[in-house]
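The block underneath contains the structure these notes are about, expressed in structure tokens.
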Amino acid sequence: MATSTPSLPAHQEEFFWHNGFLYLDKLISDDELSMFREVYDRLFDQRAGWDDGRQFDLGGTDVEGERPKLPQILRPSEYAPELADTEYLRKARAIAHQLLGGDLEDGNGEHMIFKPARHGATTPWHQDQAYHDPDKIFRSVNFWLPLDDATVDSGCMQFVPGSHRTSHVVPHHSIGSDPTVHGLEADGPDALAPYAVACPIPAGGCTIHAAYMLHYAGPNTSDRPRRAYILNFTATPQLREQPIDNYWMREKRTARMERERSATPG
Ligand code: NI
């Protein structure tokens, strides 16, 4: 069936390309939201993906017995098949298709970042592409859907409007300048904070952002958990003439990488 109705009205599409981000108050049904909460809690309680290096502390070093500050799961649908066919996935793909056109790669960017109540740490300023292949220029849309009302004090998303209008990756370093920590932070983050626009949104709403967007989420100082479920869609990337020198990734040596290596046959 041909659909000619775009998922986003023209003014939202324009806002997105001008600013590099957009927020949508409600994207999924309450039923799907309840299902996501159940699955989310189960996956973190059961430490799904830990042995494969797919669950780890984004903001710490995975020391046994220490409570993670920023637990993350990569590709959660591989541990919970009910996530493979959802309203969220369908709607997000349709929006990404409207914004990017053409063939889309998905799946690799699916992850969950959890900020436990009164414990979850800051997600420092970064560009997602600082983690990605330095040989490529990306065009992508990232969807960030909270399962709890996300406010400034629980760690909602914050963006620097317009910072997506580049394919440049600014220099990054590991959080705390510790290469055994997975997470990255852009150099000189204090210079970015004055330009930040915070995007509080209700549970089941969504923020989306473009490739190269500088973004941040504060610590969770509230009494509520901040559970975020993230999807990413990427158009076929272009090769760069000159690869980025991402020395911040080459120096990484995390416990997560060790577990991934031991779990991979051969
Ligand atoms: Ni990010």
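The values are calculated or read from the model by the stated rules, or taken from the named source; none is laboratory data. None of these values were measured; they are calculated from a predicted model. Heads up, the Cβs are rebuilt from the backbone with ideal geometry, glycines too, and the neighbour counts pull from every protein chain shown.
When the stretch 166-185 is filtered for residues that are of a type in the set (S, T, N, Q) and within 12 Å of R250 (Cα to Cα), the ones remaining, listed by number, are S174, T180. Here H182 passes the criteria (1) part of a loop (DSSP other than H, G, I, E, B); (2) within 13 Å of the ligand (Cβ to nearest atom); (3) surrounded by fewer than 22 Cβ atoms within 10 Å (Cβ to Cβ); (4) at pLDDT 95 or above except the one numbered (3). For the stretch 122-175, a residue qualifies if it is in a loop (DSSP other than H, G, I, E, B), polar (S, T, N, Q) and in contact with a strand residue (DSSP E or B) (Cβ under 8 Å, 6 or more places away or on another chain), and the qualifying residues are T122, Q127, S167.
Summed over the stretch 233-266, the residues that are within 18 Å of A130 (Cβ to Cβ) and assigned to a helix (DSSP H, G or I) give a count of 6. Residue count for the stretch 232-266, restricted to those that are surrounded by fewer than 23 Cβ atoms within 10 Å (Cβ to Cβ), hydrophobic (A, V, I, L, M, F, W, C) and within 16 Å of the ligand (Cβ to nearest atom): 2. Filtered by the rule that a residue be in contact with a strand residue (DSSP E or B) (Cβ under 7 Å, 6 or more places away or on another chain) and under 22 Å from A130 (Cα atoms), the stretch 199-213 gives T207, I208, H209, A210, A211, M213. Scanning the stretch 60-102 for residues being surrounded by 11 or more Cβ atoms within 10 Å (Cβ to Cβ) and more than 19 Å from F36 (Cα to Cα) gives a total of 13.
Residues considered: A117, A150, A121. Of these, the only one that is within 16 Å of the ligand (Cβ to nearest atom), surrounded by fewer than 23 Cβ atoms within 10 Å (Cβ to Cβ) and either of a type outside the set (A, V, I, L, M, F, W, C) or modelled with pLDDT of 95 or more (or both) is A121. Considering (1) under 21 Å from R75 (Cβ atoms); (2) within 16 Å of the ligand (Cβ to nearest atom); (3) part of a strand (DSSP E or B); (4) not basic (K, R), the lone condition that E105 does not fulfil carries the number (2). Reported count of residues in the stretch 214-225, each being part of a loop (DSSP other than H, G, I, E, B) and under 25 Å from A130 (Cα atoms), is 4. Across the stretch 219-237, a minimum of one residue is classified as within 30 Å of E38 (Cβ to Cβ), touching a Pro at 6+ places or on another chain (Cβ under 8 Å) and either without any contact (Cβ under 8 Å) to a residue 24 or more places away in the chain or of a type in the set (A, V, I, L, M, F, W, C) (or both).
Filtered by the rule that a residue be touching a Phe, Trp or Tyr at 6+ places or on another chain (Cβ under 7 Å), within 14 Å of H126 (Cα to Cα), touching a residue at least 60 places away in the same chain (Cβ under 8 Å) and of a type in the set (A, V, I, L, M), the stretch 170-208 gives L184, A186, L192. With respect to the conditions (1) buried (at least 22 other Cβ atoms within 10 Å of the Cβ); (2) among the hydroxyl-bearing types (S, T, Y); (3) more than 16 Å from the ligand (Cβ to nearest atom), S140 lacks only one, and its number is (3).
Just need a number here: residues in the stretch 212-231 that are among the hydroxyl-bearing types (S, T, Y) and surrounded by fewer than 21 Cβ atoms within 10 Å (Cβ to Cβ). Final tally of qualifying residues: 2.
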